[in-house]
Amino acid sequence: MRAFLTTAFCFTIFSLSAQDTIRTKQEDSMAMKLLNEVTVYASRIPEKILQSPASVEKVNEAYFRNAAAPSFFDALENMKGVQMITPGLGFRILNTRGFANTTNVRFAQLVDGMDMESPHIGSPVGSSLGPGDLDIENVEILPGVASALYGMNTINGLANISTRNPFTSPGLSFMQKTGVTHVGDAGSDPRIFSETSIRFARVVNQRFAFKVNATYTRGSDWIADNYADQNPTANTSTNLTGLDNPGADPLNSYGNESSDRKTISLQGKNYVVSRTGYAEKDVVDYSLQNIKADAGFYYKFRDQNTITYTFHLAVLDNVYQRANRFRLQDYFLQQQALQFQSKSWQAKLYYNSENTGKSYNLRSMAENIDRNYKPDTDWYKDYTTGFNTAVQAGAAIAAAHHQARAFADAGRYEPGTPAFNQVLQKLQDINNWDEGAALRVKASFIQAEAQWNLTKSLLHDLKKNTGLEVLAGFDHRTYIIVPDGNYFINPVKGNEYDHIHYSKTGGFLSLTKTILNNKLKIGAILRGDKNDYFSMLFNPRFTAVYSPVYNHNFRVSFQSGYRYPSLFEAYSNVNSGGVKRVGGLPAMSSGVFENAWLQSSIAAFQSAVLSDINQNGLSKNASIEKNKSLLKKNPYTYILPEHINAFEAGYKGVILKGKLFTDADLYFNKYRSFIAQANMNVPNTHIADSIPYFLYDKTKQNPYRMWTNSQTIVHNYGFSAGLIYHFKQGYAARANTSYSRLKKSVNEDGLEDGFNTPEWITNISLANENIYKNFGAGITFKWQTSYYWQSFLVNARVAAYAVVDAQLSYLFTKTKVRIKTGASNLLNRYYYSIAGGPRIGGFYYITVSYGLK
């Protein structure tokens, strides 16, 4: 904090001493811009952002030029109400208002109004497939529920990235960004980061224009090397803890998880012993590469109607995290789109597809390298021999376990050796996670949508006479999955490898009317959606905006939203480390829910039996009979849509002669039927008296991780507030803070998705694009509180952190060349964005750009 205050003080003194004589016109222009700023996505029609009926945050090219973040996408993290999580340097996820995760199917990222979703992951991939820095016009973020207008995957909100139109932004532009990462990283030497971008746009004639963009990124990903034990109490009954725990499960070491350990009897005691496994760094290549390109062809008709064809593609090599961590390699994404737009209606038809290439699961890779060297049966037999030999030689129990592991691991594949690399490459091509590690998925979706502003065509006089505006919309999406036999399989018997289709159709009607001499704007929207497996659901939204004067605007809204299960939640069929992860549709999971027992109760039961055997001297059978009441039958069933009711109130205003923009909102959400996963096991018997004995023996039960719904009713609430002040001489100061809180209600079952959100996030920045003779600078401070991260990879607390970003720039006005040097996490204080993820350090860069404003 002291370093930050010193940096900020020096920056301010330097800034205030600079002279500039042409500021008044700029201040007046900025005031008018704030008053007249337009949003398109809050209501799907252009309207003044001050009078928007929903929370909306909007930033443009000037914001990104002044930002100290390395890229436009990184700069979004400092917007009001936004949380960004970082599974890796090449993969960043936006979220608002709680319940964040690394796939984040509740928040959509659009580019020019089209969804940048990866079909099978279900995750928005705007940072990977979307535009580069050279083609950004503006970004709008809608925090909170947007389902009434945008459909089922927007109950946490959405972001739309608008790109530059070649008709209005022609020419050649170029950017070279070079940086250094991993400075002071104990796990790596400093690494070079490089990103090269080019954009070319041309107006061929008054009707036709085109643009092409390309970006090539190379670097080294952040390293995940947290080895905190996730199973520290496994052997407390025998006083084996810490480094002496033979059942340890280090967080970023894989192949030693629950399916990779066993309870074995040694010298009259029972011990939980895990396979050794490998550190993440041993089984992954941290090199980062992202090749992406896009093209757009624009044609205007005589009446100014426009038809556009766009194409986006990306090839990724990086690390990604969900329930496990993955190496994405030769991962291919594309989007092809056709759009038509007129003054009164617009239509879009687009196709997203992905091919996971040679990607693989790091956990499956580690555990199957171990098993490829020596099967579990042989390894535990050797462990027992090594332990007995050590004890007979006089070793203490803890030392005997260490010697037993060394004996069982003799001849094990060592990382970096030719034998290790050879088996890794072999397993990378085996598409069965019980034997290999390959992720081989091909999936796509096609979406058609249209909206019609009826008051600009058929009902033109209606708005003029009554102030009523009518908007209608329609959309349809069909997912197409190519079954691979491991990740997805067609549930229809005899057609296991036929393509799977999963569709949803919806539409909405929006009515808006102004009354009280245009001081009150009220709106109502009703949306209906129908999914292949569920009946039609309705999402209403009611809004009111009161503007006593133009500069002050108060808003309230209520809306209801649903979310249908994503592709993976509905259809997954994955063998992952001895645990079958199954989609929640009846076609996928018939018979499992009815015969399963909760895994949490099985773990408590097994621990109690182990304790009675080791500490109380009971026999195994006696211990099982004593503790069988701990076993709990599964209470969950087939998956249903998720539901939210949301209330919001807010204020937007411009005061002090247009110099100060203020924005505040508060919200209250009520969730039910949270879509989440539950661990449960099915014993290999239906005989009631035998079930406890089967559930004590891991070899006599089948573990499942099932997609289902939580029974908990959950409330969360919060608020955010932001200020933007434009000083004389061109300075812009921004400050915002957001507060989010989870409050559970009735039927708490612990199954609901992790809230995974800091209570407080605060951002403060000061920037000036032209402090003195084309020199500009900016500094940003970010602080967030610690929070609890809950996922199937790990449940752990993420520490609070504070970071400082800073940049200095110079514009050569004659050549249109700008040089910008800066740092993200200037003080290089490594921190974790998420539990189980990598440590994030300083990113020091210099950018040379040509052709931008």
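Tabulated data
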{"quantity": "Inter-residue pairs, beta-carbon under 6 Å, first closer than 29 Å to VAL545 by Cα and in segment 49-69, second modelled with pLDDT of 95 or more and part of a loop (DSSP other than H, G, I, E, B), 6+ apart", "calculated": "GLU57/MET79; GLU57/LYS80"}
{"quantity": "Flag for ILE446 being open to solvent by less than 50 Å² (accessible area, probe 1.4 Å), of a type outside the set (Gly, Ala, Ser), assigned to a strand (DSSP E or B) and in contact (Cβ under 8 Å) with a residue 40 or more places away in the chain", "calculated": "no"}
{"quantity": "Single residue of segment 473-485 satisfying the filter (aliphatic (A, V, I, L, M) and open to solvent by 30 Å² or more (accessible area, probe 1.4 Å)) that is farthest from GLY523 (Cα to Cα)", "calculated": "VAL482"}
{"quantity": "Those residues of segment 580-605 which are open to solvent by 40 Å² or more (accessible area, probe 1.4 Å) and not aromatic (Phe, Trp, Tyr), in sequence order", "calculated": "LYS580, PRO586, ALA587, SER590, GLU594, ASN595, GLN599, SER600, ALA603, ALA604"}
{"quantity": "When residues of segment 134-144 are limited to those that are surrounded by fewer than 24 Cβ atoms within 10 Å (Cβ to Cβ) and of a type in the set (Asp, Glu), the one farthest from GLN109 (Cα to Cα)", "calculated": "GLU137"}
{"quantity": "Residues being in a helix (DSSP H, G or I), of a type outside the set (Lys, Arg) and open to solvent by 20 Å² or more (accessible area, probe 1.4 Å) - total across segment 32-82", "calculated": "13"}
{"quantity": "Subset of segment 508-557 that is of a type in the set (A, V, I, L, M) and under 30 Å from LEU656 (Cα atoms) - its residue that is most open to solvent (accessible area, probe 1.4 Å)", "calculated": "LEU516"}
{"quantity": "So THR662, is it among the β-branched types (Val, Ile, Thr) and in a strand (DSSP E or B)", "calculated": "yes"}
{"quantity": "Flag for TYR787 being under 25 Å from ASN736 (Cβ atoms), within 17 Å of the chain's Cα centre (by Cα) and open to solvent by 30 Å² or more (accessible area, probe 1.4 Å)", "calculated": "no"}
{"quantity": "Residue list for segment 398-408, restricted to those being open to solvent by 70 Å² or more (accessible area, probe 1.4 Å) and either of a type outside the set (S, T, N, Q) or over 12 Å from PRO246 (Cβ atoms) (or both)", "calculated": "HIS402, PHE407"}
{"quantity": "Residue in segment 191-203 that is touching a helix residue (DSSP H, G or I) at 6+ places or on another chain (Cβ under 8 Å) and outside any strand (DSSP E or B) present", "calculated": "no"}
{"quantity": "Selection count, segment 558-579, where residues are open to solvent by 10 Å² or more (accessible area, probe 1.4 Å) and aliphatic (A, V, I, L, M)", "calculated": "1"}
{"quantity": "Subset of segment 609-659 that is in a helix (DSSP H, G or I) and among the hydrophobic types (A, V, I, L, M, F, W, C) - its residue that is farthest from THR263 (Cα to Cα)", "calculated": "LEU630"}
{"quantity": "For LEU333: the one exception among (1) in contact (Cβ under 8 Å) with a residue 40 or more places away in the chain; (2) surrounded by 16 or more Cβ atoms within 10 Å (Cβ to Cβ); (3) outside any strand (DSSP E or B)", "calculated": "(3)"}
{"quantity": "Selected residue (criterion: surrounded by the most Cβ atoms within 10 Å (Cβ to Cβ)) from residues of segment 101-116 that are part of a loop (DSSP other than H, G, I, E, B) and touching a residue at least 60 places away in the same chain (Cβ under 8 Å)", "calculated": "ARG106"}
{"quantity": "Segment 278-330, subset under 27 Å from GLN790 (Cα atoms) and of a type in the set (D, E, K, R), residue most open to solvent (accessible area, probe 1.4 Å)", "calculated": "LYS281"}
{"quantity": "Residue within segment 144-152 that is in a strand (DSSP E or B) and either in contact with a strand residue (DSSP E or B) (Cβ under 6 Å, 6 or more places away or on another chain) or modelled with pLDDT under 90 (or both) present", "calculated": "no"}
{"quantity": "Segment 178-194 - residue that is over 12 Å from ILE846 (Cα atoms) and hydrophobic (A, V, I, L, M, F, W, C) and, of those, surrounded by the fewest Cβ atoms within 10 Å (Cβ to Cβ)", "calculated": "ALA186"}
{"quantity": "Residue match in segment 278-294 (condition: in contact with a helix residue (DSSP H, G or I) (Cβ under 7 Å, 6 or more places away or on another chain) and more than 29 Å from VAL180 (Cβ to Cβ))", "calculated": "no"}
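Quick grid of which residues meet (1) at pLDDT 95 or above; (2) open to solvent by less than 50 Å² (accessible area, probe 1.4 Å); (3) farther than 19 Å from PHE593 by Cα:
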site: LEU656; (1), (2), (3): no, no, yes
site: ALA678; (1), (2), (3): no, yes, no
site: THR699; (1), (2), (3): no, no, yes
site: SER710; (1), (2), (3): no, yes, no
site: ILE713; (1), (2), (3): no, yes, yes
site: GLY722; (1), (2), (3): yes, yes, yes
site: HIS726; (1), (2), (3): no, yes, yes
site: ALA733; (1), (2), (3): yes, yes, yes
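The values are calculated or read from the model by the stated rules, or taken from the named source; none is laboratory data. Keep in mind the model is a prediction, meaning the values are calculated, not measured. Every residue, glycine among them, receives a Cβ derived from its backbone with ideal geometry; neighbour counts consider all protein chains shown. Side chains included, ligands, DNA and RNA excluded: accessible areas come from the protein's heavy atoms. Shrake-Rupley method; radii C 1.70, N 1.55, O 1.52, S 1.80 Å.
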